[in-house]
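The values are calculated or read from the model by the stated rules, or taken from the named source; none is laboratory data. As the structure is a prediction and not an experimental result, all values here were calculated from the model. As a convention, Cβ positions derive from the backbone with ideal geometry for all residues, glycine included, and neighbour counts pool all protein chains shown.
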2 protein chains.
Amino acid sequence: MTGDRLIEITHSDDPRIAEFRNIRDRDLVGRENRFIAEGTVVLRLLAEAHAAGGDFVAEKVLLLRNRAAGLEEIIAAFPPDVPVYVAEASVLDGIVGFHLHRGVLALGRRKAEPDIGAFLDRLPEQALVLAGCGISNHDNVGSMFRNAAAFGADAVLLDETCCDPLYRKALRVSVGSVLTVPYCRQLNDADLLTALAERGFAIWSLSPRGAVDIRAVPPADRMALVVGTEGAGLPQEILSAFGSLRIPQAPGLDSLNVATASGIALFAMASLIKRV
Amino acid sequence: MTGDRLIEITHSDDPRIAEFRNIRDRDLVGRENRFIAEGTVVLRLLAEAHAAGGDFVAEKVLLLRNRAAGLEEIIAAFPPDVPVYVAEASVLDGIVGFHLHRGVLALGRRKAEPDIGAFLDRLPEQALVLAGCGISNHDNVGSMFRNAAAFGADAVLLDETCCDPLYRKALRVSVGSVLTVPYCRQLNDADLLTALAERGFAIWSLSPRGAVDIRAVPPADRMALVVGTEGAGLPQEILSAFGSLRIPQAPGLDSLNVATASGIALFAMASLIKRV
């Protein structure tokens, strides 16, 4: 049954798979919100997101020929108008520009960036959100989404200086959580946090110099955990305008990396409000 | 003063800096325990480790010429018999084989892998250790050391299937913690954990299927947190032979990555025994 649906690609310059060409060197993000999904787990989440009629649609799938049989169920979850291309390893490597040993790719599109005001207005009465300011590292953005999903956060809010979470590596590191956790990427850091505070969120910035031990944060119906870049960290005006939290550590060391720190703090806050 | 000490390298094939040649494509580990240290923080920790007379010695330093002035204090911390080479950017890039924008390298050596029995016998009465089984990803091994340092763990124990933490990327991701947290990499997983159990350690393996919530682990004088690979995780015989812990998460998701999970669990255990 799946066999009928597979479309063979025999030349790497076939225009039907042009979006997958040399994917290491360029990113599609910014081209009408298109993105590359890699790997079986992300492919499955893209199929589910498409079927749910939410923010994401699948446009095409490209598989290593010998992977198709094992992915029959996921392929069947895509509607019939999503073409599923297959290619031999030599052709696929020629398309993407390197050896793609997992052999599972898809082209997706985010319908539109939501309006931030409307997005925040839709958050539930009891809400835990993760906000990132100036996170430009793709791995860190991806890990933040993975942690947000693991601990049941209601949304991820990124300021406009964060990198796009639909970048190939960020999406891969998130293990597809970018497709499942609602998010916005708008506004500068101060405006974003002010918009959250206006909606009743207790704002807690995470910093090695934070005033409150993460184990002593007071519970609240709406809580926002804010993380900044490694190195410089959050600007002082943000730390002093809102509450600040620290993860207690052995003295004299570099702080934890932002992925691990956000995981520890989200776990503490999710425990506090009984999300986990 | 530092100026007198700097030795100019003008050709990338100069034999005095041969160990730094094409460092991306090969690793020195295994060649008499030599390793490449990168970046200012790791360079400083290597100087401190050398001065302390412990497990590590510095053999030579190689800097981008224009970085030397800013590193005067760290350079002075190396004894006079450690040569400090400098090169212009074009020469340095020719040596290492890519554009090294940070421009700070050193060659170090670990004196010897300690005997595992003697190493474990030296652990303090009250001890928290992090053990890794089958961790082959360099980033994850590096993150484990960074977390162990942050939460005051007394040692990291790696089974013989883990990658060497002195690999260039693991050392870099650890932000030099591999040079500060005592460690061993010996034995298979079962023998390593048995050796810990024989010395009174409560053994807690971390797994999404763990029996005990991480927030309910009973305190003990000696505790070992055990983490396995992502994906397969720890073998079932290990999970059932010792205690197992889970980090509670939203249902139906992929588990946290091993770096984040080890950070969360170490923080919980370090809190329990008042290390932080």
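Quick grid of which residues meet (1) part of a loop (DSSP other than H, G, I, E, B); (2) touching a residue at least 40 places away in the same chain (Cβ under 8 Å):
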{"residue": "A:His99", "(1), (2)": "yes, no"}
{"residue": "A:Gly108", "(1), (2)": "no, yes"}
{"residue": "A:Asp139", "(1), (2)": "no, yes"}
{"residue": "A:Ala149", "(1), (2)": "no, no"}
{"residue": "A:Thr161", "(1), (2)": "yes, no"}
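Which residues, counting only those in the stretch B:164-202, are aliphatic (A, V, I, L, M) and surrounded by 21 or more Cβ atoms within 10 Å (Cβ to Cβ)? B:Leu166, B:Ala170, B:Leu171, B:Val173, B:Val175, B:Val178, B:Leu179, B:Val181, B:Leu192, B:Leu193, B:Leu196 - these are the residues of the stretch B:164-202 that are aliphatic (A, V, I, L, M) and surrounded by 21 or more Cβ atoms within 10 Å (Cβ to Cβ).
Say we look at the stretch A:157-171 and pick out the residues that are within 14 Å of chain B (Cβ to nearest Cβ) and among the hydrophobic types (A, V, I, L, M, F, W, C); which of these is farthest from A:Asn137 (Cα to Cα)?
A:Leu171
Looking across the stretch A:181-217 at every residue that is without any contact (Cβ under 8 Å) to a residue 40 or more places away in the chain and within 14 Å of another protein chain (Cβ to nearest Cβ), the one that is farthest from A:Pro235 (Cα to Cα) is identified as A:Val181. Could you check the stretch A:104-137 and list, in sequence order, the residues that are within 14 Å of chain B (Cβ to nearest Cβ) and modelled with pLDDT of 95 or more? A:Leu128, A:Leu130, listed by residue number. For the stretch B:90-136, the set of residues classified as surrounded by fewer than 22 Cβ atoms within 10 Å (Cβ to Cβ) and among the charged types (D, E, K, R) consists of B:Asp93, B:Arg102, B:Arg109, B:Lys111, B:Glu113, B:Asp115, B:Asp121, B:Arg122, B:Glu125, listed by residue number. Annotation: of all residues in the stretch A:225-276 being among the polar types (S, T, N, Q) and part of a helix (DSSP H, G or I), the one that is nearest to the other protein chains (Cβ to nearest Cβ) is A:Thr260.
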